[in-house]
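The values are calculated or read from the model by the stated rules, or taken from the named source; none is laboratory data. Here the structure is a predicted model, which is why all the values come from computation and not from measurement. Cβ coordinates were reconstructed from backbone atoms using ideal geometry, including for glycine residues, and neighbour counts include every protein chain displayed. Just so you know, the surface numbers come from the protein's heavy atoms only, side chains and all, with ligands and any DNA or RNA stripped out. Shrake-Rupley method; radii C 1.70, N 1.55, O 1.52, S 1.80 Å.
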Amino acid sequence: MDRIKIIGGNQLNGVIPISGAKNAALPLMIASLLTDDTLTLENLPDLADVEQLIRILGNHGVDYSVKGRRERQGDAYSRTVSFTARHIVNTEAPYNLVSKMRASFWVVGPLLARMGVARVSLPGGCAIGTRPVDLFIDGLRALGAEIDIDNGYVNATAKSGLVGNRFVFPKVSVGATHVMLMAASLAKGETVLENVAREPEVVNLAECLNAMGARISGAGTGTINIDGVETLSGARHRVIPDRIETGTYAMAVAMTGGDVLLEGAKPELLQAALDTLARTGTNIEPTKTGIRVSRNGNGLQPVDIETQPFPGFPTDLQAQFMGLMTMASGTSHIKETIFENRFMHVQELARLGAQISLSGQTAVVEGVASLKGAPVMATDLRASVSLVIAGLVAEGETEVNRVYHLDRGFERLEEKLSGCGASIERLSG
Ligand code: EPZ
């Protein structure tokens with residue numbers, strides 16, 4: 001199994017190109033199931049999760065083709081890929097595929113809307129919490145689907161098609177918002193979704209669906225209106241830059257000091273995180289081509305955060321920010337409100353010398369003067385990268401194991417960081 005070796009102590013200076021967003025790419029790819037025409041996605045990141053979803057979609061009959069060579073944007077290698085679901089050959093998504101990637105459960109929406117039937121395995125728990133699917137089920141039932149659960153599978157049918165309705169989400173969910181957007185686009189009549197997720201990835205999906213002929217308005221606000229259409233066509237659509245990758249590298253620069261341009265990054269996608277970083281004493285400067293992040297020799301100020309749905313501070317940057325706060329000059333409080341168990345990185349950061357205690361959903365981080373390198377291991381994507389951030393300043397060698405977690409969501413992480421002066425390399429086997 002690959003490992004990443006880091007020798008801490010180098011500042012980061014230079015340019016890091018930001019890739020297409022994983023969490024935008026996945027629902028966009030799934031939207032290809034809604035039409036027999038071709039959906040072409042530009043700026044698709046080259047990630048293990050994208051490859052896995054290509055395999056999962058292939059099981060339903062989606063063909064794909066990579067157009068020409070990868071498009072070069074700085075040093076990023078995101079690609080243009082076309083997806084065509086001419087014929088849906090299978091409306092079942094089995095456990096062995098869905099359990100590998102939770103987002104593949106979302107195929108339930110387009111399969112049901114287009115084929116009137118879907119049988120999709122429950123995804124099961126994961127390292128960050130139990131993650132139920134009740135909101136998907138209640139939402140699709142509101143559109144007239146009949147749903148039962150047997151042997152770990154969700155069986156959904158809508159023999160005469162889905163019918164538009166009003167549905168109020170009792171809790172904000174990104175995935176359930178994506179699924180309801182896709183399903184309601186092909187429902188008969190009007191759907192009103194309230195208390196929806198306002199994440200940029202939802203807006204990106206709504207724009208893509210509109211380019212395919214859907215009639216969606218209000219994405220990015222708390223209420224979305226959808227006028228159902230009979231069929232959707234193909235389209236060409238661009239994946240937005242990855243705001244979590246952007247925030248992660250911004251925190252890495254805040255940690256090491258230095259001066260880096262995050263090329264292609266868009267500040268409006270992560271304003272809350274950038275404001276938080278500015279309060280730590282990090283300079284954040286939007287430029288014409290991205291975001292410039294720098295920090296000189298001054299220490300890091302401790303800042304308290306609470307994760308929130310967009311536009312609040314994202315849960316997907318919580319672990320990285322905790323990594324940063326381990327070296328702040330004082331105590332910070334980090335409250336996780338989205339997932340119940342997203343603190344698996346705490347014990348591993350402690351192996352590097354961090355002082356963190358947990359009190360319910362809040363981590364209390366006492367900044368230390370230095371961290372010391374050690375072998376560490378992580379349980380999920382964002383936790384792994386928080387260990388990389390800490391490793392970049394830890395004295396001596398840090399070895400991050402289970403690199404496959406990083407490969408799920410960070411395109412060429414070690415290349416991007418070493419290109420800015422970090423001592424970081426992948427060790428195979
Ligand atoms: C998306 O997951 C992201 N994944 C996650 O990123 C991200 O952490 C999360 O949104 C929150 O921003 C993708 O986009 C692929 P939710 P999702 O439904 O949609 C509860 C990463 O590291 N809930 O918004 O699965 C749920 O348990 C990943 O890239 C229900 O209770 O998250 C959680 O507490 C990890 N019932 C809360 O809602 C449901 O039916 C928000 O989850 C659905 C969700």
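Model label sites at residue 331 and residue 89, defined 7 Å from Cα along the beta-carbon direction, differ in position by 6.1 nm.
Structural descriptor for the stretch 22-238: relative contact order 20 percent, calculated from alpha carbon pairs under 8 angstrom and at least 6 residues apart. Around the amide H of residue 379, modelled in the peptide plane, lie the amide H atoms of 384, all under 5 Å away and 5 or more residues distant in sequence or on another chain.
Placing a label point 7 Å from the Cα of residue 308 along the Cα-to-Cβ direction, the residues of the stretch 259-275 whose backbone N falls under 19 Å of that point are 267-275.
In the structure shown, do any of 266/335; 188/266; 171/416; 67/100 have a Cα-Cα gap over 31 Å, and if so which? From the list (266/335; 188/266; 171/416; 67/100), the Cα-Cα distance tops 31 Å for 188/266; 171/416.
Given a 1.4 Å probe and every protein chain left where it sits, what share in percent of the accessible area of the chain is carbon and sulfur?
Details: 7580 of 16000 Å².
Roughly 47 percent, rounded to a whole number.
Among the protein heavy atoms, those of residue 424 account for about 20 Å² of accessible surface (1.4 Å probe, every chain in place). Placing +1 on each Lys and Arg Cβ and -1 on each Asp and Glu Cβ, with no other charges, gives the chain a dipole about its Cα centre of roughly 360 debye. Whole Å is fine, so just give me how far the alpha carbon centre of the stretch 392-425 lies from that of the stretch 263-293. For the stretch 392-425 versus the stretch 263-293, the Cα centre distance is 22 Å.
The listed peptides 93-103, 18-28, ordered by packing as a protection proxy, come out as 18-28, 93-103 (highest mean of other Cβ atoms within 10 Å first). Dipole magnitude for the stretch 189-326: about 420 debye, using +1 per Lys or Arg Cβ and -1 per Asp or Glu Cβ, origin at the Cα centre.
Report the full-extension gain for the segment residue 168 to residue 221: residue separation times 0.36 nm, less the Cα-Cα distance, to one decimal in nm. Before the final figure, lay out each step's value.
Numbers: separation 53, 0.36 × 53 = 19.08 nm, distance 1.36 nm.
That works out to 17.7 nm of additional length.
Ranked by the mean number of other Cβ atoms within 10 Å per residue, highest first, peptides 235-244, 264-273 order as 235-244, 264-273. Here the gap between residue 236 and residue 397, fully extended at 0.36 nm per residue and compared with their Cα-Cα distance, gives a gain of 53.5 nm. If both residues of a DSSP beta bridge must be in the chain, then about 70% of such bridges are antiparallel.
Computed from the Cβ-Cβ distance with R0 of 22 Å, the FRET efficiency linking residue 13 to residue 428 stands at 0.20.
Computed from label points 7 Å out along Cα-Cβ, the spacing between residue 288 and residue 370 is 4.4 nm. Considering only 31, 9, 371, the residue lying farthest towards the positive end of the dipole of the chain is 31, judged by Cα position with unit charges set on Cβ.
Among 14, 299, 360, the largest mean-square fluctuation in a Gaussian network model of the chain (Cα springs under 10 Å) belongs to 360. Of the beta bridges in the stretch 22-238, as assigned by DSSP with both residues counted there, near 70 percent are antiparallel.
Just subtract the alpha-carbon distance of residue 67 and residue 362 from 0.36 nm times their residue separation and send over the number in nm, one decimal. Before the final figure, lay out the partial values.
Working: separation 295, 0.36 × 295 = 106.20 nm, distance 4.63 nm.
Gain on stretching residue 67 to residue 362: 101.6 nm.
Antiparallel beta bridges, as assigned by DSSP with both residues in the stretch 90-216, represent about 65 percent of the total such bridges.
Would you compute, from DSSP H runs of 4+ residues alone, the mean residue ellipticity of the chain at 222 nm, taking -39500 (n - 2.57) per run and dividing by the full residue count, rounded to the nearest 500?
Value at 222 nm, helices only: -8500 deg cm²/dmol.
The packing ranking, built from the mean of other Cβ atoms within 10 Å per residue, places the peptides 33-44, 79-90 in the order 33-44, 79-90, highest first.
Give me the 1.4 Å probe accessible area per residue for the chain, excluding ligands and nucleic acids, in Å². Could the numbers behind the result be given before it?
Working: 16000 Å² over 429 residues.
Ligands and nucleic acids excluded, the figure is 37 Å² per residue.
For the chain, what is the relative contact order in percent, using Cα pairs closer than 8 Å and at least 6 residues apart in sequence? Once normalised by length, the contact order is 21 percent.
Approximating the spin labels as points 7 Å out from Cα along Cα→Cβ, the residue 134-to-residue 55 distance works out to 3.3 nm.
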